[in-house]
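Throughout, read-outs are computed from the coordinates displayed, never taken from laboratory work. The shown structure was predicted, so the numbers you read here are calculated from the model rather than taken from an experiment. Heads up, the Cβs are rebuilt from the backbone with ideal geometry, glycines too, and the neighbour counts pull from every protein chain shown.
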Amino acid sequence: MPAFKADDPVRAELDLRAVPRGSAVSEVARQMTTLIAGGTFPAGSRLPPERRLAATLGVGRSAVREALAALEVLGLVTVRPGSGTYIRGSVSELLPTTLSWGLMLSAEHTAHLSEVRGALEVRAAALAAARCGPEDLDRLRGHLEAMEARTGDLRAFVEADAAFHLQLARAAGNAVLGDLLQTVRSLLRVWVDRGLRSHEQALTACREHRAVYAAIAAGDGAAAGAAMDAHMRTAGDRVERAGEPRPAG
């Protein structure tokens, strides 16, 4: 498997440029995506170590680590503890292109993506109310109960939350809608993870998901859409505030 070698000339480092202040994570993600899409880092190759990348880009290692984590969420790289970060062998054409447009981690476009996601989620909830069967409802309820049981563990809570929305999209019975939602959620995932900061926010999200579930269980598409719209407004506000410093403590 191709790998970065510390004693070899690093072609990628010739292409990387120092990052402007105030945009470290976004710019690192953009440059790495451009190199991946252009074939500088071929499929299966190992990236240079975080310390080397940070020095080349003129940023802290935390910015590199966060950018690589974002690319992992999107399926562009895989991180192997104790080994390094590798370019995935099969990367969809859509994500590198989308990232190259500057959508990834861009505050300006994050709000726009959040609006798109909201509209899709509202439609999915309305369709699910009309189309979901008993098994769909059981799975939705299971994910909701998992959320309610994990409000003290925000990482686990976010996973249960994502599972709820994924199941809802499946219950809507529209594969295209589900694929669009999955793409938008992937692009927003890093910001969603950052945005949920407290036990109280998790409790609010649980109440909102419970309202969505109740409307779907009742077969009321209008109520399901309205409940999801209310939830998306709250979630969108959290996403837009995700880039703000976390409060002390």
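Largest first, please: the extent of the C-alpha atoms of region 110-158 along each principal axis, to the nearest Å.
On the principal axes, region 110-158 reaches 32, 30, 9 Å in Cα extent.
If each residue's Cβ is checked for other Cβ atoms within 10 Å, how do MET147, MET32 rank with the fewest at the top?
Fewest to most other Cβ atoms nearby, the residues stand as MET147, MET32.
Provide the net charge surrounding ARG210, with neighbours chosen by a C-beta distance below 15 Å and charges set as Lys +1, Arg +1, Asp -1, Glu -1.
Once positives and negatives cancel, what remains is -2.
Taking K and R as +1 and D and E as -1, what net charge do the other residues with C-beta under 15 Å from the C-beta of GLY178 add up to? Could you put the intermediate results ahead of the total?
Values: positive: ARG117, ARG123, ARG131, ARG139, ARG170, ARG185; negative: GLU121, ASP136, ASP179.
Counting the neighbours of GLY178, the net charge comes to +3.
Can you pull a Stokes-Einstein diffusion coefficient for region 106-240 at 25 °C (0.890 mPa s), Rh from Kirkwood over Cα pairs, as a whole number of µm²/s?
Roughly 170 µm²/s, to the nearest whole number.
Ranked highest first by average number of other Cβ atoms within 10 Å, how do 78-84, 158-164 line up?
The densest-packed peptide leads the list: 158-164, 78-84.
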